[in-house]
Structures are given as structure tokens and as C-alpha cells.
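Structure first, commentary second.
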Amino acid sequence: MKVRTIVYFVAPTLVTVLVSAALASSGHGEEATWTPTMIGWRIINFLVLFGFLIYFLKKPLVSYFSERKEQIRRDLEEAREQRNQAEQKLKEYEKKLAGMEQELEKMRQDLQKAADLESEKVVANAERMSAGIVESAKLAAEQELRKAKTSLRNEAVDLAVELAESLISEKITEQDRKKIVEDYLEKVGGVK
């Protein structure tokens, strides 16, 4: 490897020196100042200079390029690792979002079932009470039924709000809260 490197550097230099000597010797009527001895000394000077450069610059250059190679390898590895982490977080967030949607749907269904059962109970109770009451008591029973439905709806709404608040406080981050408020304000602003 070293011989090949020396040949790659020395051969073009020798060719350049010899061509320069040939051109200088043509001189166009002037006396040639390039003698074979002078060419020999120039080649020796060049080889000595080249040897010194190799001797003093080889280690720093090899060190610099190996450190640079290692730094690039570390940077690539770090970038790969960061990409993998970002992809993993994206998958986690997608799973959480999908699970949250399913949970909300299940909660809606459960609340609807509970509201239906409670509504059926209230209606059945009101029907039993109204059967034995005279015509004048029917008005009072209807009023009580309306009050019960309103109370049930309010109760269901309160329960839904409490359940939603607890789910939201557990599942939604501060950034999600800000986005929800901004979306709501945009909708309210768009209504005007």
C-alpha cells in the first residue's frame, strides 16, 4: 500500500519535472539551465520534502479521518435511535387514542342503558300509582312524572359530566385541553 501511494505521488511529479526540464531546455535561443544534475537534485529535494510531509502529517491526518469517521457513525446511530423512539411514541399514542375512542363509546352505551332502565322504572312506578288515583289525581301524577324525568335527566347529565371529567382529567393532556377549548371557542365564534 505504501509503495503504491509513493508511486502515485512520485510518478506525476517526475513527469512534471521532466516535462518542465524539456520545455526549459528548448529555451528559444537561450542557454539551457536544466542539467541532469539539477533535475536529480530537484527530484531528491522533492522526495525529501514528500518524506517529511508523510512522516509528520500521516498520524494527524489518519487520526483526524478516523475520528471524523467515528463521529459520523455515532451521529448516524443516534439519528437512527431517535427515529425509532419517535416511531414507538407514535404507535403508543395511536393505541391510546384508539382505546380512548372505544372507552368513550362503551361509556355512552352504558349511560344510555342506565338511563333507559331508570326511565322504565320511573314510568312503571308512575303507572302503578296513577291506576288507583281518581281523575283529579292524574294531573298531579303527570306533574310528578315530569319532575322525575327532569330530575333523572339532570342526574344522568351530572353523572355523565362527572364521569367525563374524570376520564378527561386522566386521559387528556394539557395540550389536548387547550385544543378542545380553542375548538369550542371557534365553534361558538362561528355561531354568532
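Take the Cα of K91, step 7 Å toward its Cβ, do the same at K58, and the gap between the two points is 5.0 nm. Within straight-line reach of K58, meaning a Cα separation under 19 Å, sit the following lysines at least 8 residues removed in sequence or on another chain: K2, K69. Taking other C-beta atoms within 10 Å as the exposure proxy, L185, L145, L159 rank L185, L159, L145 from fewest upward. For region 96-174, the number of Lys pairs with C-alpha atoms closer than 17 Å, counting only pairs eight or more positions apart or on separate chains, is 9.
The residue list S169, A141, M107 was ranked by how far each Cα lies along the charge dipole of region 96-174 toward its positive end, using unit charges on Cβ atoms, and A141 comes out on top.
If neighbour count is taken as other Cβ atoms inside 10 Å, put I39, I180 in order from fewest to most. Don't skip to the end; give the middle numbers.
Details: I39 16, I180 12.
Least to most surrounded, the residues fall as I180, I39.
Bear in mind that the values in this text are calculations on the coordinates, not laboratory data. Computed from a predicted structure; not experimentally measured. We place every Cβ from the backbone using ideal geometry, glycine too, and count neighbours over all the protein chains shown.
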